[in-house]
Structure formats: C-alpha cells, structure tokens
Amino acid sequence: MIERVRRLLSPDLMARFIAVPSQFDRREQHLVVMSIVVGAVVWSAVYLLKLSVHWLSEHILEIVEQTPFHLLIFVPLVAGSLIVAALAAWRASFVYYRDKDNHLHALNDVEGDGLERTIGLYYTSEPALDRALLGTQGVRARWEMPTFSLAFRKFLATLVTLGGGGSGGLEASVTLIGESLAVGLFKPRPRMIPHNLWALRLWRWWRTLDPDELQTAQLSGVAAAVSTLLGAPLAGAFFAIEVMYRRRPVIEKLIYALVASLTAFFLGHFASPTNTKFVTVSGLLPPPLNWRYYLILVVLAISVAFVDIYLRKVRGGLSAFFHERFAEPWQRHVVGAVMTGVIGLTAAWLTGESLDLVLGTSDRVIAAALTGQLTIWIAAVALVGKLLATMSTIASGGSAGMLVPSMYLGSMAGVIVA
C-alpha cells in the first residue's frame with residue numbers, strides 16, 4: 001500500500017499530471033471540466049435512485065410475501081400509479097419525438113420510457129422550421145423546457161413505479177434524469193446570476209451558448225447515468241453515442257462522454273467498492289468451442305429476435321388499448337398497475353417463486369439464470385410474465401425502461417434454449 005502511494009506521488013508522475021491541461025485548447029479544457037462536473041452531479045442523483053428503488057422494492061415485496069394475503073401487492077402498485085399520474089399532470093410538458101419512420105409523437109415528459117424523451121430533448125437545440133418560426137432556436141429551445149424540475153419529477157415517478165412493485169428497468173428513466181441535470185447546470189437563471197466580479201467571470205466561462213457544447217453535456221449526462229447503474233464506463237459512453245446517432249456526427253463527443261462515464265464509475269467505486277457491477281457471477285466454466293455450441297448460439301439469436309418482434313407488437317397493442325379505452329390518465333395508470341399485479345401473482349403461483357420473479361427490476365433472476373439455477377418451466381413463465389408485466393407498466397404510463405427487461409428476456413431465452 002505504501003509503495004502504491006509512493007508511485008502515485010512520484011515527481012515524474014505528478015509532473016505528467018500537471019502537464020495534461022496543456023495538451024488541450026481552451027474549448028477542450030472547458031468541455032473536459034464540464035464532463036467531470038456533469039458526471040459527478042448525475043452520479044449522485046442516479047446512485048441515490050438506484051439504492052432507493054432496490055431498498056423500497058425489496059422491503060415492499062418482502063412484507064407482502066410474509067403476509068398470508070399476497071393480494072396486498074395491489075396497494076403499493078395502485079398507490080404508486082396514482083402518484084405517477086399526479087406527477088405527470090403537475091407542471092406537465094410535452095416532448096416531441098420523431099421515430100425512425102419520421103412520425104412525430106407528443107410525449108408526456110414523465111410517463112413511460114424516458115429514452116424516447118431523452119432523444120427528443122437532445123435534438124431540441126438543432127435548427128428546425130417550426131422553432132425558427134416561433135423565434136426559439138439553439139440552446140434557448142432546450143432551456144425553455146424543464147430541467148431540474150423534470151429530473152426531480154422523473155426521480156419520484158421512477159421510485160414509486162419500480163419501488164412499489166412495477167415491472168421494468170432503471171436505465172431509460174435515468175437517461176432522462178441525467179440529460180435534465182446536465183442541461184440544468186448550464187441553464188441561465190436571471191435571479192441567480194452572481195453580482196460578484198469573480199463569480200460572474202466564472203459563470204461566463206462555465207455557461208454555454210453553443211448547441212454543440214450543450215449536446216456534449218447531454219451525452220455526458222446520459223453516459224454517466226448508465227455507467228452508474230451498470231458499473232461499466234465504456235458501455236455507458238458507447239450507449240449514449242449509439243442511442244443519439246441519427247446519421248449525425250456524434251463520434252467527436254465520445255471522449256467527453258467517456259470522461260463523464262469514468263467520473264461516475266470511480267465515484268461509485270469509492271462509495272461502494274464491492275458493488276459496482278450490475279450482475280456479479282463467479283465460478284462460470286468456459287463454453288465448449290465446438291459446432292454444437294455455435295449452433296445453439298444461432299438458435300438463441302433467432303429466438304431472441306422473435307421475442308423482440310413479439311415485444312414490439314405487445315407494446316404497440318397495449319399502448320393503443322390504454323390510450324383509446326381510458327380518457328382519464330389516472331384510470332390508465334391504475335388499470336396498468338392492476339394488470340401488472342395480476343401477472344406478477346400469476347407467475348409466482350405457477351412457479352412457486354417469489355414475487356420478484358416478474359415484479360420490480362428482477363436483477364436477482366438474471367443472476368440466477370446465468371448460474372443455472374432456473375428450470376425451463378420457470379424460465380418460460382418468467383419470459384412471458386416479465387414481457388407482459390413490463391409492457392403493462394410502461395404502456396399505461398409507469399416510469400420504467402426496457403434495457404434491463406431486455407437483458408432479462410434474453411437470459412430467460414438462453415435458459416430455455418440451453
């Protein structure tokens with residue numbers, strides 16, 4: 001340990017570290033500092049959400065399972081759905097998202113999968129005819145949308161949705177939280193502009209009026225959020241770049257997204273050295289490298305592709321069902337929560353497993369699948385149940401994402417094929 005400290009404090013290493021800023025121009029120095037600050041701020045919020053969701057979900061499901069009446073799971077589910085409906089109506093705004101078929105969708109900023117909202121907000125500052133006619137272009141177009149308040153509302157909506165027993169993942173929700181926090185750090189607020197000369201100079205250096213720099217901050221926020229959850233900084237940075245790619249040049253922003261992602265990763269490592277990875281599995285044997293193994297991989301890939309096709313159809317059908325049948329948003333949220341509860345109870349009854357087989361984030365089930373602890377029957381029920389429960393949660397307006405459920409479905413398909 002003493003030898004490591006000596007190496008870190010060696011004059012040669014310190015001299016190299018001090019010389020690092022000279023390798024960047026002033027704009028690059030600003031972007032690097034910006035990425036570090038964004039990474040630290042986003043990490044603090046996402047890390048708190050991660051701990052809160054897992055703690056609340058585990059305790060609620062444990063309390064329900066210790067009682068003879070598992071139907072009590074509907075209490076936190078319905079209560080959470082009503083809170084989300086209230087948050088979606090409070091200071092609500094709409095984010096315009098253009099899908100790959102060039103269809104424009106007006107999405108409530110708090111409800112559902114946050115990834116589509118994040119993509120829509122990312123491209124808000126780019127030139128567009130409608131915004132040009134309204135006289136709001138560039139960074140002003142994004143600053144007119146909520147920032148810190150949106151992050152706060154999305155935080156609470158995700159906490160009560162997943163913590164209360166809803167089915168889904170955290171990743172899509174935290175991308176919106178990360179983006180909103182990143183933009184909020186640069187949003188000019190007339191009442192808070194400093195009057196001290198040095199503070200004013202610092203603010204003028206810190207602020208950004210360039211849409212390209214603002215998008216760099218947004219990417220950094222998304223990368224830091226994903227890195228905090230997965231414990232994989234490279235995955236966080238490349239995920240942010242990949243989801244924002246719309247035939248636009250974004251690769252030059254990768255280094256800054258990686259800086260923010262690494263900042264979040266190291267902060268998470270310092271806060272919890274033994275719990276930085278998303279799933280930790282030990283004692284796995286290397287796979288046999290023969291033609292049977294590769295044939296199984298091909299069959300698995302085809303199976304997962306069919307699951308993805310079915311998932312998209314279910315999501316589209318349930319979304320149309322909820323929005324066409326229920327005029328009041330709170331009705332849609334409550335019905336979705338009840339459907340999620342019914343699916344979770346049915347899956348637990350069919351398999352004899354606990355309620356977290358389908359409800360919550362189900363991280364434990366993914367680890368169990370990777371270590372061969374699930375039977376084919378349990379995996380089959382879990383695959384269908386998780387797909388339906390997650391789609392019921394998200395399509396009805398619950399605040400949850402699809403990244404972890406997609407990993408869940410893939411692992412269940414792997415158990416069945418293997």
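The values are calculated or read from the model by the stated rules, or taken from the named source; none is laboratory data. All figures in this text were calculated on a predicted structure; none of them were measured in a lab. Cβ sites come from the backbone with ideal geometry, for glycine too, and all protein chains shown count toward neighbours.
Some notes on this structure:
- Qualifying residues in the range 398-416 (those that are modelled with pLDDT under 90 and outside any helix (DSSP H, G or I)) - the one nearest to L77 (Cα to Cα): G401
- Residue match in the range 321-338 (condition: more than 20 Å from L82 (Cβ to Cβ) and of a type in the set (D, E, K, R)): yes
One line per residue, one yes/no per condition, for (1) at pLDDT below 90; (2) in the same structural domain as V84 (by TED's automatic domain parsing); (3) closer than 19 Å to G166 by Cβ; (4) touching a helix residue (DSSP H, G or I) at 6+ places or on another chain (Cβ under 6 Å):
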| residue | (1), (2), (3), (4) |
| --- | --- |
| E324 | yes, no, no, no |
| W330 | no, no, yes, yes |
| V334 | no, no, yes, yes |
| D363 | yes, no, yes, no |
| A369 | yes, no, no, yes |
| W377 | no, no, no, no |
| G385 | no, no, yes, yes |
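This table checks each residue for (1) more than 24 Å from the chain's Cα centre (by Cα); (2) buried (at least 18 other Cβ atoms within 10 Å of the Cβ); (3) assigned to a loop (DSSP other than H, G, I, E, B); (4) free of Cβ contacts under 8 Å to residues at least 12 places away in the same chain.
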site: K313; (1), (2), (3), (4): no, no, no, yes
site: A327; (1), (2), (3), (4): yes, no, yes, yes
site: H333; (1), (2), (3), (4): no, yes, no, no
site: A337; (1), (2), (3), (4): no, yes, no, no
site: W349; (1), (2), (3), (4): yes, no, no, yes
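- Some residue of the range 217-227 being under 25 Å from the mean Cα position of the chain (by Cα), modelled with pLDDT under 90 and surrounded by 19 or more Cβ atoms within 10 Å (Cβ to Cβ): no
- Failed criterion for L87 (all others in (1) over 18 Å from M145 (Cα atoms); (2) in contact with a Lys or Arg (Cβ under 9 Å, 6 or more places away or on another chain) hold): (1)
- Residues that are modelled with pLDDT of 85 or more number at least 2 in the following helices (runs of 4 or more DSSP H) confined to the range 117-199: 148-163, 171-184.
- When every residue of the range 402-410 is checked against the conditions, none turns out to be among the aromatic types (F, W, Y) and surrounded by fewer than 24 Cβ atoms within 10 Å (Cβ to Cβ).
- Any hit, the range 166-185, residues being surrounded by fewer than 23 Cβ atoms within 10 Å (Cβ to Cβ) and not polar (S, T, N, Q): yes
- If you check L374, L345 for being assigned to a helix (DSSP H, G or I) and surrounded by 16 or more Cβ atoms within 10 Å (Cβ to Cβ), only one passes: L345.
- Here is the figure for the range 243-267: residues that are in a helix (DSSP H, G or I) and either in the same structural domain as R364 (by TED's automatic domain parsing) or modelled with pLDDT under 85 (or both) total 4.
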